[in-house]
1. Considering segment 139-182 alone, what residues qualify as being assigned to a strand (DSSP E or B) and among the charged types (D, E, K, R)?
2. Could you check how many residues of segment 147-193 are open to solvent by less than 50 Å² (accessible area, probe 1.4 Å) and within 25 Å of G86 (Cα to Cα)?
3. How many residues are in a loop (DSSP other than H, G, I, E, B) and crowded, with 19+ Cβ neighbours inside 10 Å if we restrict to segment 201-220?
4. Please work out which residue is nearest to V142 (Cα to Cα), limiting yourself to segment 101-118 and to residues that are out of contact with any Lys or Arg (no Cβ under 9 Å at 6 or more places or on another chain) and either β-branched (V, I, T) or free of Cβ contacts under 8 Å to residues at least 12 places away in the same chain (or both).
Amino acid sequence: MSNQYEISALDNIDLMDNVGVIADRLVATCNSTSGADGASLRGLLEQALIVAAEAQQQLTAQSERIAVLETLSYRDELTGLFNRRGFNERLCHALAISQRLDSTGVLAFIDLDNFKAINDSLGHQAGDEVLRHVASLLFEGVRTIDVAARLGGDEFAMILVHTTAHNGCQRIKSLELAVNHLIVDFDNAQIPVRASFGAVPFDRSDDIASLIARADAEMYNQKRAKPPVLRPWLHRMV
């Protein structure tokens, strides 16, 4: 979709260039022409400048639309975090930087526990409210250079860059504790949030496929190690 708008923007730039060339030629001609012919040429010049101004306005509006579309294509509409596409691009970038600068980081996958029970019992609005609260917690827990993303459904991910394995995993552990102590008020219920985290360090030797596989496996190992029911997930408010 954005490619079509980019082509239109390029067309507008070409139009501006062409009008500018024509205007320059007309100015030169007007300066050397007098009488009725000069007046006619000046009229044409004024029209050309009007067209140029309109083209500039169109180009500005088009650029703004492109920026909005780009934002939408990389952001999750519900939570405002990066979506899967945005996450994949940022992970590629993080690994490229790691290889170039020999830096290290941490990738974490997060999956909410018993999330289907929330949707089934309280409805999707309750589930959406839980997702927004978790997203807010994750977003507030990262630096501006880090990445928090919602991959879809109840799956989230985080990329911590320029950090050691120890420090990065400690930060993820702190977020894990915060998420697992989160209680969301919705309607007449209090919903305790539970989530499984899988955090793995990365360095310049890692590739995307193996890194994602390791983080995914770590997350599911944690999920499988939990008892089927940690405690009742829903507390009705009195």
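1. Passing the criteria: R150, E155.
2. The initial filter retains those residues of segment 147-193 that are open to solvent by less than 50 Å² (accessible area, probe 1.4 Å), namely 147-154, 156-161, 163, 165, 168-169, 172, 175-176, 178-180, 182, 184, 186, 189, 191-193.
Imposing the further condition that a residue be within 25 Å of G86 (Cα to Cα) reduces the set to 147-154, 156-161, 163, 165, 168-169, 172, 175-176, 178-179.
Here the count works out to 23.
3. Here the count works out to 1.
4. I110
Residue-wise test of (1) hydroxyl-bearing (S, T, Y); (2) modelled with pLDDT of 95 or more; (3) part of a loop (DSSP other than H, G, I, E, B).
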residue	(1), (2), (3)
I191	no, no, no
A199	no, yes, no
Q222	no, no, no
V229	no, no, yes
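The values are calculated or read from the model by the stated rules, or taken from the named source; none is laboratory data. Please read these numbers as outputs of a predicted model, since none were measured by experiment. All Cβ positions, even for glycine, are placed from backbone atoms using ideal geometry, and neighbour counts span all protein chains on display. Heads up: the accessible areas ignore ligands, DNA and RNA and are worked out on the full protein's heavy atoms, side chains in. Shrake-Rupley method; radii C 1.70, N 1.55, O 1.52, S 1.80 Å.
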